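Report on the structure given below.
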Amino acid sequence: MAEDIKKPFDLSNYLEQSKNKIELALDESLGPEEPEQLRTAMRYSLLAGGKRLRPILCLAACELAGGNPDKAVPTAVALEMIHTMSLIHDDLPAMDNDDIRRGRPTNHKVYGDAIAILAGDALLTRAFEMVSIRTQGVPADRLIKVVGELSLVAGAPGLVGGQVVDLESEGKKVDLETLEFIHLHKTGALLSACVICGALIGGAEEKLINALKTYAKGIGLAFQIIDDILDVTASSEVLGKTAGKDLLADKTTYPKLLGLDESRRRAKELVRISKEALEPWEESSEPLRALADYITNRDR
Ligand code: GRG
């Protein structure tokens, strides 16, 4: 009798399938917004591509918790909306003042500052609508917890707080502790919300939620370390955004504080810790563990 040979987990197939599902849901999530200019500006940034890492993490965590990932799709869309909103606002002249994002001119370059701000605002509020009004078949107590997570991540305890400390740090010498604060809030908090929200929808028990918090903290920081490395090693064409920006703006980054080799070593170690936290869940955590590796091996 032929022995059952376990096939290795196919990440690229997993990414492609999840991405297709998400692209479709993103496309259906907008409209009929009025007036047309607002709808066009919202769609311009939300449907501009991107790795879709955040919604993929959300669906994978829902499945790990034993839930049906389809039920988490509106929440996954909500998380990508919050992410896109933060990119639109981050690119504004009053913030990072950038001209390219996801390989095309930034939202404000096309629609002007006022519409870009409002498109971001509308995406942020639509995110809450996706969870509270457009989700079907998920118990209300789970959805309330998800709404709570989104409120925390979008506000002062998350993205906004991280952005303010980042702005305050411009042109100043920043120590590792402050750098970590900025990244845990600007980047890590949303990545963490993705896995926590997915797991909540799937009905995760507390032990899994705690393990996912450890997992997310590691991948959040590792993601940002790699982002800092790519800023100096990759081209604008590959990244789809302006490369070398940190150096130009004299920003403190991991490579600047620790050097490239030590930064890479740290990212790898953080990913090891992340994956270790999910080991008790063996096969069912394979997608999340493979995604952790993808975060450090990515080239864009
Ligand atoms: C107005 C509520 C509110 C918040 C905005 C502007 C801001 C506060 C926060 C900035 C957050 C920010 C832009 C962090 C950077 C995160 C980051 C590393 C983005 C790049 O993510 P990728 O590589 O991009 O996943 P794609 O395009 O692939 O999705």
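The values are calculated or read from the model by the stated rules, or taken from the named source; none is laboratory data. Treat the numbers as computed from the prediction; the structure is a model and nothing was measured. Virtual Cβ from ideal backbone geometry, glycine too; neighbours counted across all protein chains shown. Remember, those area values only see protein heavy atoms, side chains included, never the ligands or the DNA or RNA. Shrake-Rupley method; radii C 1.70, N 1.55, O 1.52, S 1.80 Å.
Computed quantities for the displayed model
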{"quantity": "Hits in the stretch 96-112 (condition: within 13 Å of the ligand (Cβ to nearest atom), open to solvent by 30 Å² or more (accessible area, probe 1.4 Å) and in a loop (DSSP other than H, G, I, E, B))", "calculated": "D96, N97, R102, G103"}
{"quantity": "From L257, L230, residue being closer than 24 Å to I100 by Cβ, part of a helix (DSSP H, G or I), touching a residue at least 40 places away in the same chain (Cβ under 8 Å) and touching an Asp or Glu at 6+ places or on another chain (Cβ under 9 Å)", "calculated": "L230"}
{"quantity": "Positions within the stretch 125-142 being within 18 Å of S29 (Cα to Cα) and surrounded by fewer than 20 Cβ atoms within 10 Å (Cβ to Cβ), in sequence order", "calculated": "T125, F128, E129, S132, I133, R134, Q136, G137"}
{"quantity": "Identity of the residue in the stretch 143-175, away from the ligand (no atom under 12 Å from the Cβ) and charged (D, E, K, R), that ends up surrounded by the most Cβ atoms within 10 Å (Cβ to Cβ)", "calculated": "E149"}
{"quantity": "Residue within the stretch 80-95 that is of a type outside the set (S, T, N, Q), open to solvent by less than 20 Å² (accessible area, probe 1.4 Å) and more than 12 Å from the ligand (Cβ to nearest atom) present", "calculated": "no"}
{"quantity": "Residue that is open to solvent by less than 30 Å² (accessible area, probe 1.4 Å), of a type in the set (G, A, S) and more than 29 Å from I196 (Cα to Cα), where the choices are G218, G240, G244", "calculated": "G244"}
{"quantity": "Selection within the stretch 240-284 - closer than 30 Å to L64 by Cβ and among the aliphatic types (A, V, I, L, M)", "calculated": "A267, L270, V271, I273, A277, L278"}
{"quantity": "Residue selected from the stretch 40-65 under the condition at pLDDT below 95 and surrounded by fewer than 17 Cβ atoms within 10 Å (Cβ to Cβ), by the criterion farthest from the ligand (Cβ to nearest atom)", "calculated": "G49"}
{"quantity": "Test: residue in the stretch 192-205 that is over 30 Å from V131 (Cα atoms) and either within 19 Å of the chain's Cα centre (by Cα) or part of a helix (DSSP H, G or I) (or both)", "calculated": "no"}
{"quantity": "Selection status of K207, open to solvent by 70 Å² or more (accessible area, probe 1.4 Å), away from the ligand (no atom under 13 Å from the Cβ) and over 18 Å from C62 (Cα atoms)", "calculated": "no"}
{"quantity": "Residue match in the stretch 177-184 (condition: open to solvent by 20 Å² or more (accessible area, probe 1.4 Å), more than 10 Å from the ligand (Cβ to nearest atom) and without any contact (Cβ under 8 Å) to a residue 12 or more places away in the chain)", "calculated": "yes"}
{"quantity": "Residue under evaluation T125, criteria (1) hydroxyl-bearing (S, T, Y); (2) in a loop (DSSP other than H, G, I, E, B); (3) free of Cβ contacts under 8 Å to residues at least 12 places away in the same chain, criterion not met", "calculated": "(2)"}
{"quantity": "Pair list, Cβ under 8 Å, 6 or more apart: the stretch 285-300 residue closer than 20 Å to S236 by Cα and open to solvent by 50 Å² or more (accessible area, probe 1.4 Å), other residue modelled with pLDDT under 95 and in a helix (DSSP H, G or I)", "calculated": "D299/L230; D299/V238; R300/L230; R300/V238; R300/L239"}
{"quantity": "Output for the stretch 113-131, where each listed residue is within 8 Å of the ligand (Cβ to nearest atom) and within 17 Å of the chain's Cα centre (by Cα)", "calculated": "G120, L124"}
